[in-house]
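Here's the structure we're looking at; comments come further down.
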Amino acid sequence: MQKFILFLCSLVLSGCDNGSLIEADISKVPVSVSVIRFDKAFAGATVEELPSLKEEFPMFFSRRIPDSVWVQRMQDPLQQEMAVEILKIFPDETLLVDKLGPLFQHIKYYFPRFKVPTTVTLINDVDYKNRVIVASDTLLILSLDNYLGANHRYYTETKKYIVKNLKADMLENDIAKAYAQQYISPPVKNTFLEQIIYFGKQLYLQDVWLPNLSDASKMGYTNLEWQWMQDNELDMWRYFVEKELLFSTDPGLTPRFISNAPFSKFYLELDNESPGMAGRYIGWQIVRSFIENNTITPQQLLVFDAEALFKKSNYKPKK
């Protein structure tokens, strides 16, 4: 295990706005970033060293799995190749610390009880659905084989709308989303409005935790997809209202407008042009409007009732 103590120097700012002052305060938050490269340890271990590896990392070795399986994995050429490919992007812990340190500072600033976790990296056979796991309040697991770049040959059979975000630049965004889910109260009535505001709150946390990340990246969009959303925001909102979807509990709305997908399903000619997750985008704009029109802390926002939030947001899409 290599441990990195990150103490970022405070910035000397003059004539700056409130946002810059907040960032200056955040830069003073001391965090200890601990990264354990289990991917490197496993790839570099011999069969004879397997018992000691199991003793050091018991959480990754199920008692139900015989040693023969681990030995086979150690000797698997594809596993060995993956380890080499990961080292091309993450040769050491520097890039990980550079990304994790500022993110953890921001989370701890807004949520002082946040415990900076030990981060463990591993290879998980490109299981992109589980590329970031908050295993406990003190353990974060990252599958680095999911961050090799959108054009990597390992992803040729994965759908393009997913592959475009399998890159190192999305690492801190994925981690922010995973931690946001730990803080936000889930929907109760499970209406469409509740669901989109749930994701709107998640994206708002990404706003405050990742202030230098583009809005397009927070959604996992390309710049063109983001522009499409902005250009069509009013029409999408009208569709949701006119079709009386806001208070619907139809489960079919989730894959149409909320789940990650190649496009949103309005059942109109524009569908093939639209990015997926239109509902999340609208929910985000509602939450942003609420923040602009009300004085509230992030902690209060996360437990605020979705319907009440919507009414107080005064959300009006731009024409």
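The values are calculated or read from the model by the stated rules, or taken from the named source; none is laboratory data. Being a predicted model, the structure only gives us computed values, none of them experimental. As a convention, Cβ positions derive from the backbone with ideal geometry for all residues, glycine included, and neighbour counts pool all protein chains shown.
If Tyr109 satisfies all but one of (1) free of Cβ contacts under 8 Å to residues at least 40 places away in the same chain; (2) within 27 Å of Tyr183 (Cβ to Cβ); (3) of a type in the set (Phe, Trp, Tyr), what's the number of the condition it fails?
The single condition Tyr109 does not satisfy is (1).
Tell me whether the stretch 159-176 contains one or more residues that are modelled with pLDDT of 95 or more, touching a Gly at 6+ places or on another chain (Cβ under 7 Å) and either over 25 Å from Val208 (Cα atoms) or of a type in the set (Val, Ile, Thr) (or both).
Taking every residue of the stretch 159-176 in turn, at least one turns out to be modelled with pLDDT of 95 or more, touching a Gly at 6+ places or on another chain (Cβ under 7 Å) and either over 25 Å from Val208 (Cα atoms) or of a type in the set (Val, Ile, Thr) (or both).
With the condition being of a type outside the set (Phe, Trp, Tyr) and within 20 Å of Ile184 (Cα to Cα), I'd like the helices (runs of 4 or more DSSP H) fully within the stretch 230-319 carrying at least 3 qualifying residues.
Those helices (runs of 4 or more DSSP H) span 278-293, 298-302, 306-313.
When you look at Gly283, is it at pLDDT 95 or above, outside the structural domain of Lys160 (by TED's automatic domain parsing) and in contact with a helix residue (DSSP H, G or I) (Cβ under 8 Å, 6 or more places away or on another chain), yes or no?
Answer is yes for this residue.
Table: residues versus (1) surrounded by fewer than 17 Cβ atoms within 10 Å (Cβ to Cβ); (2) more than 24 Å from Val33 (Cα to Cα); (3) of a type outside the set (Ser, Thr, Tyr).
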site	(1), (2), (3)
Leu87	yes, no, yes
Pro91	yes, no, yes
Lys108	no, no, yes
Val132	no, no, yes
Ser136	yes, no, no
Ser143	no, no, no
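If we keep just the residues of the stretch 50-71 that are hydrophobic (A, V, I, L, M, F, W, C) and part of a loop (DSSP other than H, G, I, E, B), which is farthest from Ala168 (Cα to Cα)?
Step by step, filter the stretch 50-71, then rank; the result is Ile65.
Just wondering, is there one or more residues in the stretch 191-209 that are surrounded by fewer than 19 Cβ atoms within 10 Å (Cβ to Cβ), in a loop (DSSP other than H, G, I, E, B) and more than 13 Å from the chain's Cα centre (by Cα)?
no
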